[in-house]
Structures are given as structure tokens and as C-alpha cells.
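Only one structure is covered here, and it is reproduced in the block below.
Every number here is computed from the coordinates shown, using simple stated rules; none is lab data. Here the structure is a predicted model, which means the values were calculated and not measured. Backbone-built Cβ (ideal geometry, glycine too); neighbour counts: all protein chains shown.
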Amino acid sequence: MIERQQIEGLFKEQLARIQDEQLRLQIVEVWLLGCKDGGWDSIEDLKQMPFTLLTDTRGVNFIEHTLAVTEGAIGLAVAMKKHYQQLPHPIDMDRLIAGGLLHDVGKLLEIEKDGKGGWRKSLSGKCARHPISGAMLGARVGLPEKLINVIGCHAKEGDGRPQVIETVLVHQADFATFNPLVMLQAGNLIEP
């Protein structure tokens, strides 16, 4: 069984940047609920799990991807705050960091071991993609609706939907880490 301290340890640096103590606790609760419902009992399994089944991840795992997206979204927000003379819209950094940490939490329900040393889409994943299952996990823990927007609308499910600015930033960071792998597999990424 995955323990609270283990989840806190994975995301220690990012959780420490969130001002709202209640939100920090809720983030960990969502992860624990996802691990429980998804049948995950080892942090090591999460560190082996690919972050997507849609392309070859070249060894990038679920936790690494979550951290890269979170830090990428933070970087975008920091760059905007630093270089815009006047920020045209406020950015809630707590919501942004939480959204990065939770954007793919539904994959705890979407992906499972295949029993042959690999990974496959679970029944839950066939019934609802990770933005939907992640939003449902967040709602069960009582996350604010605007944070649920980040989780539920960070991928194609958010196309054409109203979004908070933090959803936009998480989406961009997410696809900046995903698209090059798809392009690489298709032979469309120009390499040095």
C-alpha cells in the first residue's frame, strides 16, 4: 500500500511551493485515492509506468512526466510575470502547481500492468479517459471547481471548452513534453 509520506516525498519540492495547506493535503489525498482505486501498491511501479500508451516514451515514466509538466507550467507563468509589463490575467500559482501535479492523476485508473512485463489500458481507462477519471477523483476529495477544470480540460476533452488560465499553461507544458515523442516515433522530429 502506498503511504502518504511516499506521495509527499515524490512531490516534496512542488508541494512546498503551495501556500494553501488544505490544498496540499487534498493533492496528496487525490493521489492516495487514485493509487487505492487503481490497485497500485508500490511507488516503484509508478516510477516504471510509462506516462502514455499512445507512443514510445523512451523511458520517460509517469512521475517524471508529472514533474516536468508541473515545472514547465510554472516556467511559463514565471516568464509571463517577468516579461509582461502588465499581466493581462492573474495566475493562481497554487492552482497552477496543483493542476500540474494532478493533471494526469486519472492515469492511475487508466493504465495497468499487463501481466507480461508491460502495460495496457485498464477497463476503467476504456470507459473514461484520464482527464475524466482524474476530475472525478478530484471531485471526490472536494477540490475546487477551477482546479477540476485544469484536470478535466488539460487534454482534448478541453478543446473548445471554457478554461482557467492555469489549464492553458498545464496543457501547453503537457503537450510540449508529449508531442516531440510522437514526432520522433513518426520520423518528423528534426534532430541535431
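Assorted remarks:
- Tensor-based shape of the range 116-192 (alpha-carbon gyration tensor, a/c under 1.5 rounded, otherwise prolate or oblate): oblate
- In sequence order, calculated HN-Hα J values of the range 173-187 (Karplus, 6.51, -1.76, 1.60; Hz; x Gly/Pro): 5, 4, 6, 5, 8, 8, 4, x, 5, 5, 5, 4, 5, 7, x
- Length released on extending from PHE175 to CYS127, taking residue separation times 0.36 nm less the Cα-Cα span: 15.0 nm
- Percent RCO, i.e. relative contact order, over the chain, from Cα pairs under 8 Å lying at least 6 residues apart: 23 percent
- Residues ILE43, ILE27 arranged by fewest to most Cβ contacts within 10 Å: ILE43, ILE27
- Euclidean distance of C-alpha centroids, the range 156-192 and the range 51-74, integer Å: 11 Å
- Trypsin sites (Lys or Arg not before Pro) within the range 45-149, DSSP loop, no more than 12 other Cβ atoms inside 10 Å: ARG58, LYS116
- Shape call, the chain: gyration tensor on alpha carbons, a/c limit 1.5: oblate
- Taking the chain as a Gaussian network of alpha-carbon nodes connected by springs under 10 Å, the highest mean-square fluctuation of the residues GLY99, GLY160, GLY138 belongs to GLY160.
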